[in-house]
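> Take this structure first; my questions come after.
The values are calculated or read from the model by the stated rules, or taken from the named source; none is laboratory data. Everything numeric here is computed off the predicted structure, so don't read it as measured data. Positions of Cβ are backbone-derived with ideal geometry, glycine not excepted, and every protein chain shown enters the neighbour counts.
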Amino acid sequence: MNRTDVLFTISAILIVIAACTSVELNVMDTPEPIPDKLVVTIETKNAFAEEVDQTPTPMAATAVPEPQIIEAFVWHENPQIPILNFHRFTPRLIDGETGTLMQLTKFKAIIQGLYDAGYSLISLRDYLDGRIVVPEGRKPLILSIDDAYFANQLSLNEDGTPSDKSGVGWLYDFSQKKPDFGFHVAMFANFGDKYYGNVFRYDWWYLGEGWEDDFAKTIVWGMEHNVMPYNHLWRHPDLEQLADKDILMQAQKNDEALRGYLQRAERGDLIAWLDNFIALPYGKWPLYESGVNTLLSYIDPEGKPLEAVFEAGYEYKPMMALSPFDEEFDAFHIPRMAPVDRVVEFVLENAENLPSNLRCLLELPAVAGARDEEALISAIELAIKKKNCPQGIFIVDELIFVARDGTVFLWE
Ligand SMILES: [Zn+2]
């Protein structure tokens, strides 16, 4: 009998650094991968086939079909997720670290530590949708990178593979060796304040001819591998200082530039994958309510309203992000922490105490569709009654159910 395979992609550890670099003309990096979905396959048994073959009678007995077995992931307690926000990386050992520049060797050590502590990456899309699933026993983690794209964040080799000299490129290789870590990174980009270094010489990237084409390819590679670009505004403005009318312009121009790069790479089809999420530059909100409302009313070029705002600076008061199942969850104030030592320690120390999802199997009548909500609710009730699954949040492919106090309902 088969079971469902779940494809995990890696989400990223988002370490948010409060202070982002301001306008820089610098060598930039590359993109992010594709949004993953849980792929659940359903197996049915065909146990009667043999018998039927053996009986040449024209009136074969009708077999009672066996139930379908469906995989569900259950959170007995609501998940809590650390979001770590990184900035730039350097492969050059001579470079000193700053608030926004980290030695690649240090990044590698942090990632290894997070993996060893039991974390696995999830995507921002799945997080906001509540489709929070990690391999059983592991804990969800989100990685974001602000001030994208610099080549030191993501770049490709000449053969189109990711460069292990870049942070996200190295992370991709790591996740290939540790598939249970997954691979998801959120890139909060400013397209209006930097160039992208497309030529690597010895130990660094330099601006070369055709950089925009190479940059576009990097963004595309990323999206195809769950490195997703989001909005960090056009020129990394300090929103406290910005007139309301300029807030929309900063969001819009940045979104248009991203779509321009996808068109340049002849991958306009990827535009449909984009989400309207903003990370606040410097973690700052507009000073006045009118500015806040202006920002929150931003609609992207495809007409998607702003869905989430990612803050920064929580390294001063380390905390996990709540899941959308929590009453306190606020999609416009999602906390991110810069990966300073004390934050990394906080995340590592808490790994053991964080909840994890269980995997459990549901029996669905053979005739029911895999998305038959009523049948799934009955199957969940039965599984709880038989003590095969605990009460909690049930994630069944794209559907999510809440089983609480003896009742089961669809979560929307
Ligand atoms: Zn920034």
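> Would you pick out the residues in the range 305-328 that are farther than 30 Å from Gln252 by Cβ, among the acidic types (Asp, Glu) and crowded, with 19+ Cβ neighbours inside 10 Å?
Glu315
> Still on this structure, I have one more. Quick check, is Gln153 modelled with pLDDT of 95 or more and either within 16 Å of the ligand (Cβ to nearest atom) or among the β-branched types (Val, Ile, Thr) (or both)? Explain how you work it out, then say what you get.
Numbers: modelled with pLDDT of 95 or more: yes; either within 16 Å of the ligand (Cβ to nearest atom) or among the β-branched types (Val, Ile, Thr) (or both): yes.
Here the answer is yes, as Gln153 does meet what is asked.
> Oh, and also: Out of the residues in the range 273-284 that are more than 16 Å from the ligand (Cβ to nearest atom) and in contact (Cβ under 8 Å) with a residue 60 or more places away in the chain, state the one that is nearest to Tyr314 (Cα to Cα).
It comes out as Asp275.
> Where residues in the range 313-324 are more than 17 Å from the chain's Cα centre (by Cα) and assigned to a loop (DSSP other than H, G, I, E, B), which of them is nearest to Lys284 (Cα to Cα)?
Per the stated criteria, the residue is Gly313.
> Quick one: Leu171 ticks every box in (1) within 16 Å of the ligand (Cβ to nearest atom); (2) under 19 Å from the mean Cα position of the chain (by Cα); (3) over 18 Å from Leu354 (Cβ atoms) except a single one, so which number is it?
Leu171 satisfies every listed condition except (1).
> Tell me which residues, restricted to the range 227-272, are at negative phi, of a type in the set (Asp, Glu), over 24 Å from the mean Cα position of the chain (by Cα) and away from the ligand (no atom under 16 Å from the Cβ).
Taking the range 227-272 and keeping what is at negative phi, we get 227-232, 234-235, 237-265, 267-272.
From the residues that got through so far, the ones that are of a type in the set (Asp, Glu) too are 238, 240, 244, 246, 255-256, 269.
Filter once more, so that each one left must be over 24 Å from the mean Cα position of the chain (by Cα): 238, 240, 244, 246.
Result: Asp244, Asp246.
> So which residues in the range 369-412 are assigned to a strand (DSSP E or B) and of a type in the set (D, E, K, R)? First the steps, then the outcome.
Here is the first cut: in the range 369-412, the ones assigned to a strand (DSSP E or B) are 392-396, 399-404, 407-410.
Of everything in the range 369-412, just one residue is assigned to a strand (DSSP E or B) and of a type in the set (D, E, K, R), namely Arg404.
> Could I ask something else about it? Going through Glu315, Glu345 one at a time, which residue ends up being of a type outside the set (Phe, Trp, Tyr), more than 22 Å from Trp75 (Cβ to Cβ) and touching a helix residue (DSSP H, G or I) at 6+ places or on another chain (Cβ under 7 Å)?
After applying the criteria, what remains is Glu315.
> Among the residues of the range 277-285, is there at least one that is part of a helix (DSSP H, G or I) and in contact with a Gly (Cβ under 8 Å, 6 or more places away or on another chain)?
Let us first name the residues in the range 277-285 that are part of a helix (DSSP H, G or I), namely 281-283.
Cutting the leftovers down to in contact with a Gly (Cβ under 8 Å, 6 or more places away or on another chain) gives us 283.
Within the range 277-285, one or more residues are part of a helix (DSSP H, G or I) and in contact with a Gly (Cβ under 8 Å, 6 or more places away or on another chain).
> Which of the residues spanning the range 257-276 are surrounded by 14 or more Cβ atoms within 10 Å (Cβ to Cβ) and either farther than 17 Å from Thr218 by Cβ or of a type in the set (S, T, N, Q) (or both)?
Hits for the range 257-276 are Asp275, Asn276.
> A follow-up question, please. Just checking, which of Lys178, Lys106, Lys139, Lys165 is away from the ligand (no atom under 16 Å from the Cβ) and without any contact (Cβ under 8 Å) to a residue 24 or more places away in the chain?
Working: Lys178 fails: without any contact (Cβ under 8 Å) to a residue 24 or more places away in the chain; Lys139 fails: without any contact (Cβ under 8 Å) to a residue 24 or more places away in the chain; Lys165 fails: without any contact (Cβ under 8 Å) to a residue 24 or more places away in the chain.
Answer to the selection: Lys106.
> Kindly indicate which of Gly192, Gly208 is free of Cβ contacts under 8 Å to residues at least 24 places away in the same chain, assigned by TED's automatic domain parsing to the domain that holds Tyr288 and of a type in the set (Gly, Ala, Ser).
Gly208
> If Gly160 passes every condition in (1) within 26 Å of Tyr202 (Cα to Cα); (2) in a helix (DSSP H, G or I) but one, which one does it miss?
Among (1) within 26 Å of Tyr202 (Cα to Cα); (2) in a helix (DSSP H, G or I), Gly160 violates only (2).
> Return yes or no: is Phe89 within 16 Å of the ligand (Cβ to nearest atom) and of a type outside the set (A, V, I, L, M)?
Answer is yes for this residue.
> Follow-up. Could you count how many residues in the range 201-229 are buried (at least 21 other Cβ atoms within 10 Å of the Cβ) and in a strand (DSSP E or B)?
Residues in the range 201-229 being buried (at least 21 other Cβ atoms within 10 Å of the Cβ) and in a strand (DSSP E or B): 4 in total.
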